[in-house]
1. Determine ³J(HN,Hα), in whole Hz, for all residues of region 14-25 in sequence, where each value follows from phi through the Karplus function 6.51 cos²θ - 1.76 cosθ + 1.60 and θ = phi - 60°; x replaces Gly and Pro.
2. Provide the solvent-accessible area of His61, counting protein heavy atoms only and rolling a 1.4 Å probe, rounded to the nearest 10 Å².
3. Could you please state, rounded to a whole Å, how far the C-alpha centre of region 185-233 is from the C-alpha centre of region 145-180?
4. Which aspartates and glutamates have a Cα lying under 15 Å from the Cα of Lys30, excluding residues fewer than 8 positions away in the same chain?
5. From the helices alone, meaning DSSP H stretches of at least four residues, give me the mean residue ellipticity at 222 nm for the chain, per-run term -39500 (n - 2.57), in deg cm²/dmol to the nearest 500.
6. If you take every residue apart from Glu266 with its C-beta less than 11 Å away from the C-beta of Glu266, what net charge results, scoring Lys and Arg +1 and Asp and Glu -1?
7. For Thr72, what accessible area in Å² do you get when you roll a 1.4 Å probe over the heavy atoms of the protein chains, rounding to the nearest 10?
8. If you take every residue apart from Leu157 with its C-beta less than 11 Å away from the C-beta of Leu157, what net charge results, scoring Lys and Arg +1 and Asp and Glu -1?
Amino acid sequence: MTDYAVLFRELAVPRLVGTANHQKVREVLKRELAARGFAIEEHRFAGRPARALLGTPRSVHGVNLIARPIRTSAHPPIWLVAHYDSKGQPISMAIRLIGFAALLLGLAMLFVAKLPAIVLLAVALVIVSQNRVNDNSPGAVDNATALVAVFMTVDQLGSAAAVGVIFPDAEEFGLVGARALATNRAALFDDAAVINLDGLDDVGRPTAFLHRPGPIGHAVTEALDARHWRWLPVVVDGIALAGVSGECVSIMKGNARTMRRIHRPEDTAARVRLDGAAIVAAGLARVLRAR
């Protein structure tokens with residue numbers, strides 16, 4: 001039986017794409033998938049990081065993990081998805097969102113109140129200039145919690161479940177791995193439901209980002225008693241995968257304190273009990289067992 005706390009500590013280490021830890025975490029994930037009877041495919045890709053990220057290479061190379069139950073060669077009707085890379089930044093996710101919001105507000109105010117707009121833009125540019133990537137965050141909440149939640153869900157469903165697993169890479173560089181899947185492997189998602197997990201803290205109420213609503217997404221939202229939205233100011237792999245799937249939902253869990261830790265050195269395994277991951281996994285298992 002898997003000791004999820006031990007697995008979590010293996011996964012919650014700084015693992016920026018291309019680093020030694022990144023490769024080690026990928027091997028841990030392959031080990032855990034193989035132990036659960038999955039056939040694993042490595043989907044290698046290269047792509048350009050998001051332009052809003054400063055100090056990144058012109059191209060990032062990564063490896064998406066695609067896992068199907070060994071007993072079938074068909075594409076599973078349901079994919080559990082969670083990105084496995086991490087990144088650090090000089091500013092937290094919360095500060096970054098404030099900076100981009102101030103930038104947009106300042107631009108909108110330019111023709112109405114020029115002096116306040118210029119001041120607001122100056123503050124926003126100082127914040128946005130810190131939108132740089134480093135490797136100093138263990139990425140415990142973002143996104144080792146979701147990786148563990150996937151394994152928790154699979155373990156509760158058992159070997160008979162027609163559920164596949166995808167661990168995209170380079171999400172933290174701007175959904176690069178998920179976009180590569182949508183471009184090069186779109187057939188995987190034909191008429192399939194995608195359940196993307198991204199950041200499952202112990203605190204806060206679950207949130208369902210319904211990119212492409214469908215019966216499974218609605219059932220998961222109800223089972224988790226999650227707030228549900230069609231748009232949120234966050235960048236998650238579900239955005240890239242929604243266009244090629246039958247339905248797509250992203251599940252997150254946290255609060256303002258969570259956002260202050262994301263992408264910072266404070267996002268450590270020591271701060272997480274995995275209660276949030278367990279709650280989400282139990283809800284997913286209840287829904288998927290009924291399918």
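1. Once rounded to whole Hz, the list reads x, 8, 4, 3, x, 8, 5, 5, 4, 5, 4, 5.
2. 130
3. Cα centres, region 185-233 to region 145-180: 13 Å.
4. Glu10, Glu41, Glu42, Asp85, Asp169
5. Details: 10 runs with 113 residues, N = 291.
My calculation for the chain gives -12000 deg cm²/dmol from helical runs alone.
6. +4
7. Per-residue accessible area (Thr72): approximately 50 Å².
8. Numbers: positive: Arg36, Arg286, Arg289, Arg291; negative: Asp155.
For residues surrounding Leu157, the net value is +3.
The values are calculated or read from the model by the stated rules, or taken from the named source; none is laboratory data. Please read all numbers here as calculations on a predicted model, not as lab measurements. As a convention, Cβ positions derive from the backbone with ideal geometry for all residues, glycine included, and neighbour counts pool all protein chains shown. Only protein heavy atoms, including side chains, enter the accessible area calculation; ligands, DNA and RNA are left aside. Shrake-Rupley method; radii C 1.70, N 1.55, O 1.52, S 1.80 Å.
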